[in-house]
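Colleague: Handing you a structure now.
The values are calculated or read from the model by the stated rules, or taken from the named source; none is laboratory data. Nothing here was measured: the structure is a model prediction, and the numbers come from that model. Note that we place each Cβ from the backbone using ideal geometry, even for glycine, and neighbour counts take in every protein chain shown. With ligands, DNA and RNA removed, areas are computed over all heavy atoms of the protein, side chains included. Shrake-Rupley method; radii C 1.70, N 1.55, O 1.52, S 1.80 Å.
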Amino acid sequence: MISDRRQFIQAAGLVAGYALLPGLAFAGKDNDGFINLEARPGKMPLLGKGKPLTGVWGYQGTSPGPQIRVRQGDEVKVRLINKLPQPTTIHWHGVRIVNAMDGVPGLTQEAVQPGKSFEYVFTAPDAGTYWYHSHSRTWEQMARGLYGALIVEEKDKPAFDRDITLVVDDWRLTREGKIHEESFGLLREWAHGGRVGNWLTVNGQEQPEIPLYEGERVRLRLINVCNASILSLGMTGLDPVVIAYDGQPVQPAALGGNPFGISPAQRIDLVVDVRAKAGGGALLAFEDNQVLELAKFTIRTPSSPVAGFGGKIARLPDNPLPDFAPAGAMEVELKMEGGAMGAMRSVIYKGEKLAIGDLVKVKQIWALAGTAGLPEAPLFTARRGQSVIINMINDTAWPHPMHIHGFHYKVVESNAKPVEDAPWRDTELLLPRDRISLGFVADNPGKWLLHCHNLEHTAAGMITWFEVEA
Ligand code: C2O
Ligand code: CU
């Protein structure tokens with residue numbers, strides 16, 4: 001039996017002592033220029049030192065997998081070697097990638113069978129914080145640990161002393177530290193907020209200590225890899241300034257003491273100036289009426305000089321995204337429906353109209369534009385280079401982080417109000433009853449997924465695709 005999430009996390013907070021942050025291992029290249037990523041079972045000390053290890057699935061058997069760091073415009077070559085008992089693929093989340101490398105089984109490639117391998121070769125056009133993860137039985141494979149950070153460095157190195165990636169996950173563990181397998185595939189959770197964890201980690205560690213050095217200006221890259229948890233985060237002892245969302249630069253803006261939201265699959269890049277007098281700090285998560293400490297920052301005296309933070313934080317150079325203009329855009333309506341407390345009565349599933357009772361039997365209880373699950377035909381087909389506006393209508397009682405593969409988009413209208421200058425995002429959170437219009441230029445040919453990144457919602461029907469002509 002697992003305990004109530006709240007109690008379990010509180011108890012965890014009482015565990016004394018902080019282990020050192022495992023430097024997220026970097027991926028190394030083989031002789032042929034490929035990074036070999038072996039998807040395989042492994043063991044991780046998620047519960048902490050001296051506690052039972054957790055059997056995970058990870059790239060090189062670790063979770064997060066090795067951090068892949070490349071320069072903007074570089075060719076990335078990764079060989080996925082499947083040593084799992086299930087077929088798998090890798091999706092490069094947020095990368096405006098060539099379609100054949102997007103990693104979607106049944107749409108852009110065949111799933112890689114156990115014992116087989118697949119070579120991913122693509123260029124990373126945009127600098128920023130991205131990530132990679134399994135896209136096959138994603139709700140199970142990601143919950144078991146199959147993800148990692150993909151960092152694309154700017155061509156000219158920005159003026160930060162250090163650059164630290166923080167991958168935040170919530171695991172559902174048993175008291176003995178095993179992955180809680182009984183809760184995989186529970187329809188009740190799929191129809192509600194998804195499979196929420198009871199054990200939060202940063203870079204695979206519970207409450208790690210992250211040393212910062214006095215006088216440094218540090219870039220922190222936060223990635224939410226949770227299946228379903230929308231995190232509300234904050235910091236003490238440090239004044240975070242946001243410089244990018246989902247990899248794309250924004251005008252640097254101080255967050256003040258305000259909590260900031262990060263939903264599944266989203267990233268936030270922050271800059272902090274480390275002032276010794278603060279005496280340290282922490283990364284916090286707010287949940288219900290509680291404050292949880294995710295990671296602890298300790299401030300040390302640098303042993304070598306740091307460049308520091310004399311000047312103001314400059315905006316990062318913009319990525320080469322096509323400009324979006326709404327004039328002449330093709331408009332597509334995307335009604336989101338289903339879930340507990342929803343009004344969905346019947347939708348199409350595998351070409352057949354099913355009533356809610358029959359949908360429940362096949363575990364399809366969410367729908368996009370009247371269809372549950374991946375439809376045969378695309379939601380729409382755009383000409384290459386055409387501007388597209390998708391009008392998303394969240395006709396459900398639940399929030400949904402909506403992700404589009406292969407593109408970044410801008411919110412142009414939110415609940416009947418025009419929005420100016422929204423950041424480019426690849427994943428945007430829609431709250432219950434939200435009506436949000438987003439725009440992008442369909443400049444990348446291929447078959448692209450559009451789905452909710454609450455992975456239980458995806459599995460239970462909230463997924464569709466569109467096509468951009470060659
Ligand atoms: Cu993060 Cu369909 O992906
Ligand atoms: Cu959803």
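Colleague: When segment 451-462 is examined, which residues are found to be near ligand 1 (Cβ under 10 Å from one of its atoms) and either polar (S, T, N, Q) or more than 14 Å from the chain's Cα centre (by Cα) (or both)?
Modeller: Matches in segment 451-462: 458 only.
Colleague: Do we have residue 172 as closer than 26 Å to residue 296 by Cβ and open to solvent by 30 Å² or more (accessible area, probe 1.4 Å) here?
Modeller: Against the criterion (closer than 26 Å to residue 296 by Cβ and open to solvent by 30 Å² or more (accessible area, probe 1.4 Å)), residue 172 does not qualify.
Colleague: Something else now. Is it the case that residue 257 is away from ligand 2 (no atom under 16 Å from the Cβ) and at positive phi?
Modeller: Taking the combined requirement at face value, the residue does not satisfy it.
Colleague: Quick test for you: out of 470, 422, 397, pick the one residue that is more than 13 Å from ligand 1 (Cβ to nearest atom) and without any contact (Cβ under 8 Å) to a residue 40 or more places away in the chain.
Modeller: 422
Colleague: Here's another thing I want to ask about it. Select the strands (runs of 3 or more DSSP E) contained entirely in segment 231-316, then report the ones holding at least 2 residues which are open to solvent by 50 Å² or more (accessible area, probe 1.4 Å) and of a type in the set (D, E, K, R).
Modeller: Filter on segment 231-316 gives 290-300.
Colleague: Take residue 342 and tell me if it is in the same structural domain as residue 427 (by TED's automatic domain parsing), over 26 Å from residue 382 (Cβ atoms), open to solvent by 20 Å² or more (accessible area, probe 1.4 Å) and within 16 Å of ligand 2 (Cβ to nearest atom).
Modeller: On the way: in the same structural domain as residue 427 (by TED's automatic domain parsing): yes; over 26 Å from residue 382 (Cβ atoms): yes; open to solvent by 20 Å² or more (accessible area, probe 1.4 Å): yes; within 16 Å of ligand 2 (Cβ to nearest atom): yes.
So residue 342 passes the test.
Colleague: A further question follows. In segment 110-136, what residues are under 15 Å from residue 78 (Cα atoms) and touching a Ser or Thr at 6+ places or on another chain (Cβ under 6 Å)?
Modeller: Hits for segment 110-136 are 112, 134.
Colleague: Sticking with this one: Among the residues of segment 392-417, which ones are more than 22 Å from the chain's Cα centre (by Cα) and open to solvent by 40 Å² or more (accessible area, probe 1.4 Å)?
Modeller: 395, 413, 415, 416, 417
Colleague: Take residue 270 and decide whether it is in contact with a Lys or Arg (Cβ under 8 Å, 6 or more places away or on another chain) and under 30 Å from residue 135 (Cα atoms).
Modeller: Numbers: in contact with a Lys or Arg (Cβ under 8 Å, 6 or more places away or on another chain): yes; under 30 Å from residue 135 (Cα atoms): yes.
Yes; evaluated as a whole, the condition is true for this residue.
Colleague: So is residue 428 open to solvent by 10 Å² or more (accessible area, probe 1.4 Å) and either assigned to a loop (DSSP other than H, G, I, E, B) or more than 17 Å from residue 265 (Cα to Cα) (or both) or not?
Modeller: No.
Colleague: Ok, one more. Can you tell me which residue within segment 431-451, out of those that are part of a loop (DSSP other than H, G, I, E, B) and either away from ligand 2 (no atom under 16 Å from the Cβ) or farther than 14 Å from residue 402 by Cβ (or both), is most open to solvent (accessible area, probe 1.4 Å)?
Modeller: Selected residue: 433.
Colleague: Which one of 270, 255, 283, 292 is outside the structural domain of residue 411 (by TED's automatic domain parsing) and touching a helix residue (DSSP H, G or I) at 6+ places or on another chain (Cβ under 9 Å)?
Modeller: None of the others qualify; the one that does is 292.
Colleague: Could you list all residues from segment 68-82 that are open to solvent by 10 Å² or more (accessible area, probe 1.4 Å) and either under 14 Å from residue 145 (Cα atoms) or in a strand (DSSP E or B) (or both)?
Modeller: If the condition is that a residue be open to solvent by 10 Å² or more (accessible area, probe 1.4 Å) and either under 14 Å from residue 145 (Cα atoms) or in a strand (DSSP E or B) (or both), then 69, 70, 71, 75, 77, 79, 81 are the ones that fit.
Colleague: Which residue is least open to solvent (accessible area, probe 1.4 Å), if the candidates are limited to segment 317-338 and must be assigned to a strand (DSSP E or B) and among the acidic types (Asp, Glu)? Outline the logic, then answer.
Modeller: Applying the first criterion (assigned to a strand (DSSP E or B)) to segment 317-338 yields 330-338.
Cutting the leftovers down to among the acidic types (Asp, Glu) gives us 331, 333, 337.
Numbers: 331: 125, 333: 121, 337: 27 Å².
Among them, the one singled out is 337.
Colleague: Right, here's the next one. For the condition over 17 Å from residue 453 (Cα atoms) and in a helix (DSSP H, G or I), what is the one hit in 189, 182?
Modeller: The match here is 182.
Colleague: Just one of (1) crowded, with 23+ Cβ neighbours inside 10 Å; (2) within 20 Å of residue 99 (Cβ to Cβ) trips up residue 455, so point out which.
Modeller: The number of the failed condition is (2).
Colleague: Which count do you get for residues in segment 339-365 that are under 19 Å from residue 396 (Cα atoms) and either assigned to a helix (DSSP H, G or I) or of a type in the set (Asp, Glu) (or both)?
Modeller: Adding up the residues that qualify gives 4.
Colleague: Still on this structure, please answer the following. Would it be correct to say that residue 33 is in a strand (DSSP E or B), open to solvent by 10 Å² or more (accessible area, probe 1.4 Å) and not assigned by TED's automatic domain parsing to the domain that holds residue 247?
Modeller: So residue 33 fails the test.
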